[in-house]
Amino acid sequence: MLEFVTSHTGNLKLIVQGYFFTKHSENNDGKILWSCEKRTCTARVHSKDDEIVHEAATHNHMLTPGQVEVERARVGLKHYCCLNSLFIS
Ligand SMILES: [Zn+2]
């Protein structure tokens, strides 16, 4: 199960091991490509069917301590749900 938050601008962010990824593109086969939210970072993950299918996540920066907790608290638990229901809503 993947974990998402929505940013204050309404963009979906994927959380992987405490790092935030923004949606980059979506393939015809349903695979979604995510890139690290830091533009200078080259880490990428691919997800499909609510799972990580590929991870090239070597970040060139440190985690921001507590960022995930802050985001979780901000969006509230009610916004946690699976990828499909997010896209339907
Ligand atoms: Zn990164």
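The values are calculated or read from the model by the stated rules, or taken from the named source; none is laboratory data. Keep in mind that what you see is a predicted model, and the values were worked out from it rather than measured. FYI the Cβ positions are ideal-geometry reconstructions off the backbone, even for glycines, and counts take in every protein chain you see.
Worth a mention:
- Long-range neighbours under 7 Å by Cβ, at least six apart or interchain, first residue touching a residue at least 40 places away in the same chain (Cβ under 8 Å) within region 60-75, second in a loop (DSSP other than H, G, I, E, B): Leu63/Gly18; Val68/Gly18
- Across region 30-58, the qualifying residues are those that are loosely packed, with under 14 Cβ neighbours inside 10 Å and near the ligand (Cβ under 9 Å from one of its atoms), and the one among them that is modelled with the lowest pLDDT is Thr58.
- Listed by first and then second residue, the pairs with beta-carbon distance under 6 Å, at least 6 apart or on different chains, first residue in region 40-55 and in contact (Cβ under 8 Å) with a residue 24 or more places away in the chain, second in a strand (DSSP E or B) and near the ligand (Cβ under 9 Å from one of its atoms), are Ala43/Cys36; Val45/Phe21.
- Where strands (runs of 3 or more DSSP E) fall wholly inside region 18-65, the ranges with 2 or more residues that are among the β-branched types (Val, Ile, Thr) are 51-56.
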